[in-house]
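**Q** Here it is, the structure, as structure tokens.
The values are calculated or read from the model by the stated rules, or taken from the named source; none is laboratory data. Just so we're clear, the structure is a prediction, and the values are computed from it rather than from any experiment. For neighbour counting, all protein chains shown are included, and Cβ atoms are generated from backbone atoms with ideal geometry for every residue, glycine included.
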Amino acid sequence: MSNSLTPEEIEQERQNENRRIAFLDSKLAALTRQQRKQAMNYLTRTAKQAVGLLQARATRWKLFQLSGDLIRLKFTIFSTKHNVRGHTGRVASGAAWADKNMIGILDHFALAPKEVIQKVVIHECLHILHPLIRHKLSQQSIRPGIEHDYSLQQHSEEEWVRQMEERICGRIGYLEFWELAVEEGGDNWKFLYEHIIKQYSSCLSRLRTTPHPAKV
């Protein structure tokens, strides 16, 4: 959500979010006890794999020196009933508590593709790492979405986290694409999600191969 949105557009986004939350809550509620256990095991397992991915890529690319605490990171799963972002009142995808060396992730992601979970978990891990490393922003400007969704004292940290997340996971907006697919596709979200990813990747490919106009 950016500052350029009109009140009507903001309200539409709220309605879309509410529809997505209600849909995913209903899907989780419909799972049997065994199915829910399997889904949460998948979420936990994928989250741990994401931490390993962060460690491997940060070390290989020498992005920063990782703290040993990341290996002992605690992980919790919460529901929409227990997680509201204070600054905007919107439900957050994840949370990080540096003082507890803990991250949390919304239970909805038990229904999400692996790459979506990885992005969210790595994002929250980076919040844990932020106070522990010496860092500089590669750019001082703060993207509009951060200015709107976060309080002023959080701007610099969130921008750093977003930059590191993009370097580690790439710039494809898996989370945003998944949320859009659920909002628009409902039970058919998997087909729509795959279609969006293909269209986006195809567009990027064309941009990379299109020759720049010659300067006169």
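**Q** Kindly evaluate Glu8 against the criterion of being at pLDDT 85 or above and within 17 Å of the chain's Cα centre (by Cα).
**A** no
**Q** Identify the single condition in (1) under 30 Å from Ile168 (Cβ atoms); (2) at pLDDT 90 or above; (3) surrounded by 15 or more Cβ atoms within 10 Å (Cβ to Cβ); (4) out of contact with any Gly (no Cβ under 7 Å at 6 or more places or on another chain) that Phe23 does not satisfy, given that it satisfies every other one.
**A** Among (1) under 30 Å from Ile168 (Cβ atoms); (2) at pLDDT 90 or above; (3) surrounded by 15 or more Cβ atoms within 10 Å (Cβ to Cβ); (4) out of contact with any Gly (no Cβ under 7 Å at 6 or more places or on another chain), Phe23 violates only (4).
**Q** Can you run down the residue pairs with Cβ atoms below 8 Å, 6 or more apart or on separate chains, where the first is in the range 30-50 and in contact (Cβ under 8 Å) with a residue 12 or more places away in the chain and buried (at least 16 other Cβ atoms within 10 Å of the Cβ) and the partner is of a type in the set (Val, Ile, Thr) and part of a helix (DSSP H, G or I)?
**A** Hits for this filter: Leu43/Ile117; Thr46/Ile117; Thr46/Val121; Ala47/Ile117; Ala47/Val121; Ala50/Ile117; Ala50/Val121; Ala50/Ile122.
**Q** Working carefully through the options His135, His108, His130, find the one that is over 26 Å from Trp178 (Cα atoms), at pLDDT 85 or above and surrounded by 14 or more Cβ atoms within 10 Å (Cβ to Cβ).
**A** His130
**Q** Here's another thing I want to ask about it. Can you name the number of the only condition in (1) without any contact (Cβ under 8 Å) to a residue 24 or more places away in the chain; (2) under 27 Å from Arg19 (Cβ atoms); (3) not charged (D, E, K, R) that Leu152 fails?
**A** (2)
**Q** State yes or no: is Cys203 modelled with pLDDT of 85 or more, part of a helix (DSSP H, G or I), more than 20 Å from Ala95 (Cα to Cα) and not acidic (Asp, Glu)?
**A** Considered against the rule, which asks whether it is modelled with pLDDT of 85 or more, part of a helix (DSSP H, G or I), more than 20 Å from Ala95 (Cα to Cα) and not acidic (Asp, Glu), Cys203 comes out as yes.
**Q** Out of (1) assigned to a helix (DSSP H, G or I); (2) over 30 Å from Trp160 (Cβ atoms); (3) modelled with pLDDT of 90 or more, what's the single condition that is false for Thr46?
**A** (2)
**Q** Filter the range 64-74 down to residues that are surrounded by fewer than 16 Cβ atoms within 10 Å (Cβ to Cβ) and at pLDDT 80 or above and give me whichever is nearest to Lys100 (Cα to Cα).
**A** Let us first name the residues in the range 64-74 that are surrounded by fewer than 16 Cβ atoms within 10 Å (Cβ to Cβ), namely 65, 67-69, 71-72, 74.
This time we only want the ones that are at pLDDT 80 or above, so: 72, 74.
On the way: Arg72: 11, Lys74: 8 Å.
Step by step, filter the range 64-74, then rank; the result is Lys74.
**Q** Within the range 81-94, does at least one residue satisfy the condition of being surrounded by fewer than 16 Cβ atoms within 10 Å (Cβ to Cβ), farther than 18 Å from Leu24 by Cβ and at pLDDT 90 or above?
**A** No.
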